[in-house]
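The values are calculated or read from the model by the stated rules, or taken from the named source; none is laboratory data. As the structure is a prediction and not an experimental result, all values here were calculated from the model. Methodologically, a virtual Cβ is constructed for each residue, glycine included, from the backbone with ideal geometry; neighbour enumeration extends over all protein chains shown.
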Amino acid sequence: MVWISAVVYLVFIACASYFLSRGHTRGSEGFFLAGRSLTGTFIAGSLLLTNISAEQIVGLAGSAYAFNFSSMAWEVTAVITIMIAALFLLPKFLARGFTTLPEYLGQRFGRPVQVASVILFLLGYGLVTIPSVLYSGTIAVLETFSADFATLLTGQTGFIVSMIVIALIGTAYTVAGGLRAVAVSDTLNGLGLVLFGFLIPILALQQVGDGSMFAGWQVLVANHPEKLNAIGSNTDPTPFITLFTGMLFANLAYWGTNQYVIQRTLAAKNLAAGQMGMLSAGFFKLLIPFFVMVPGVVAFHLYGPGLGSMDQAYPRLVGDILPPYLTGLFLAVLLGTVFSSFNSLLQSAATMITYDVYVPMQARPVNDAERVRVGRWACLAITVMGLLVAPSLQLAPEGLWQLIRKFTGFYNIPLISIVLAALFIPRASGKTAFGVILWHIPIYAVITFVVDTGIHFIHWYGILFVLEMAALATFRNTADVAKATANPTPAHTQVDIDLTPWRYRWVAVGLLCAGIICLYIILSPLGVAEL
């Protein structure tokens, strides 16, 4: 029954995506940028599903189970950077009309910076993000539905087989449908994610409170107030002080420079649609502590600290509390979140490989059919890399969430530094930008994984950002400055797009700021928490 309802739902999503994508996937711009036709609704849904995947659900719930709510900072402060990206970065991106961020960096700083940024993205996707999506998605499915799969998939063999099946289905979907199909399916799956996002914590609290959600919440407040504290100490995974150092720049790098995120907004039909989509996604981010971290605390209350791994907390809880008639639908939605992030990463990697690597290397014009063909082969290559790396994540001692955050530091800070310099420092030099990338990688590796400096790695985000921005503002090359001054926005990148801002953007910003403040007051010693 679980399999039947899950397959029916997934087939429905695939068919709906196909019919809603017809006419928007022809040619390379259709395949890579959905023909620049996405509305605010599709952008919001796609951003939500692209960002909230199994590794985030499993990782954040595990962090709440093992520690407290401190890691919600990654989600809640991300709303600040979503607002910055929507109001200040997106208008500049759409005005320039580029297909990939490395393409713009190449126009601004030269070919070496373009190639280096592509390498950073592809290494990050292939060695960190895609493997974590595959690994966490497989763990979530197997742990949640272990009873249903017991006779089919067991042990390490079952894990590998399940992961390969998930990867192949996701790759086939991306190769066949292009970006609009991915965005449409993300939006439809997003409705299911929101439904279960509310349902699972409600059922979990009812389990604790003998049928009453409010009684269950009172039990958590009375018995585990330290778990409900979002003000992290120096011994927590996310100290509160990091909100004011490196976390802001890390989140801005994700929402403002990460190709697989901004590719949705680059495909917006106009600026208003892009801003509406991004700011709407911000409201869903504020619900993550309730959707994911409350179940983590419930899992600690029910099972104690004896689970084999913190990353098993959410799947174990869901498998125990979800009614049998909903398990198939939840399986489909869970797979939908995995496919969404996986598909988005493949789509973006393929776009960069095609536009930033393959096309510039050709001495002849490259037609649309060839670009799409190269993009599809790139999807397959990135999938294979992700599958080879994913099993090694089982060795993560600090949990999946913390491991991902550490490894993204290799590329997020240099990229946000270079992009901000390209947009706002006219005298920034291409040679300095290239030097920042070469300098950052070994320095970050040493201070994070080799030498114990006693400084939290998120603080190092902020320190390195300041140093790299200072270098970009200070060291400049006369030829680069002359080029940037003469041609700050290359004419051939201009596109015909309406840049009128969304009329309700400031109302949304005000509500989002109020939501952030309220969350931190409630989940602190001023509210229900205890140090």
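Matching residues to (1) within 19 Å of the chain's Cα centre (by Cα); (2) of a type in the set (G, A, S); (3) surrounded by fewer than 21 Cβ atoms within 10 Å (Cβ to Cβ):
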site: Y355; (1), (2), (3): no, no, no
site: R364; (1), (2), (3): no, no, yes
site: A378; (1), (2), (3): no, yes, no
site: S392; (1), (2), (3): no, yes, yes
site: Y411; (1), (2), (3): yes, no, no
site: K431; (1), (2), (3): no, no, yes
site: V451; (1), (2), (3): no, no, yes
site: I463; (1), (2), (3): no, no, yes
Next item on the list: Specify which of the listed residues (A230, A253) is part of a helix (DSSP H, G or I), in contact (Cβ under 8 Å) with a residue 60 or more places away in the chain, of a type in the set (G, A, S) and under 29 Å from H459 (Cα atoms).
Entry: A253
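Can we say V182 is within 28 Å of M293 (Cα to Cα), under 19 Å from the mean Cα position of the chain (by Cα) and either modelled with pLDDT of 70 or more or among the hydroxyl-bearing types (S, T, Y) (or both)?
For V182, the condition - within 28 Å of M293 (Cα to Cα), under 19 Å from the mean Cα position of the chain (by Cα) and either modelled with pLDDT of 70 or more or among the hydroxyl-bearing types (S, T, Y) (or both) - is not met.
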Notebook entry, point to check: So which residues in segment 152-179 are at pLDDT 65 or above and surrounded by 20 or more Cβ atoms within 10 Å (Cβ to Cβ)?
Noted result: M163, I166, A167, G170, T171
Note to self: I'd like the residue in segment 125-141 that is in contact with a Pro (Cβ under 8 Å, 6 or more places away or on another chain) and at pLDDT 75 or above and, out of all such residues, is farthest from C379 (Cα to Cα).
What the structure shows: I139
Item checked: Of the criteria (1) touching a residue at least 24 places away in the same chain (Cβ under 8 Å); (2) crowded, with 16+ Cβ neighbours inside 10 Å; (3) of a type in the set (A, V, I, L, M, F, W, C); (4) part of a helix (DSSP H, G or I), which one A445 fails -> (2)
Note to self: For the list (1) of a type in the set (V, I, T); (2) at pLDDT 85 or above; (3) closer than 29 Å to F457 by Cβ; (4) surrounded by fewer than 22 Cβ atoms within 10 Å (Cβ to Cβ), I need the number of the one condition that V384 fails.
What the structure shows: (3)
Check: Can you list the helices (runs of 4 or more DSSP H) found entirely within segment 5-102 that contain at least 1 residues being over 18 Å from the mean Cα position of the chain (by Cα) and either more than 25 Å from N189 (Cα to Cα) or at pLDDT 90 or above (or both)?
Finding: 27-33, 54-66, 90-96
Check: Within the group I288, I241, which residue is more than 16 Å from M83 (Cα to Cα) and at pLDDT 90 or above?
Finding: I241
Check: Of the residues L464, L423, L526, L438, which is in a loop (DSSP other than H, G, I, E, B) and modelled with pLDDT of 85 or more?
Finding: L526
Item checked: Those residues of segment 236-251 which are acidic (D, E) and within 19 Å of the chain's Cα centre (by Cα), in sequence order -> none
Note to self: Looking at segment 323-338, can you tell me whether even one residue there is of a type in the set (G, A, S) and under 24 Å from the mean Cα position of the chain (by Cα)?
What the structure shows: yes
Next item on the list: Please state which one of A86, A73, A95 is small (G, A, S), crowded, with 22+ Cβ neighbours inside 10 Å and farther than 17 Å from F290 by Cα.
Entry: A86
Check: Which residue pairs have Cβ atoms closer than 6 Å, lie 6 or more positions apart in sequence or on different chains, and pair a first residue in segment 233-250 that is farther than 17 Å from I416 by Cα with a second residue that is assigned to a helix (DSSP H, G or I) and polar (S, T, N, Q)?
Finding: D236/S70; P237/S63; P237/S71; P237/Q402; T238/S70; T238/S71
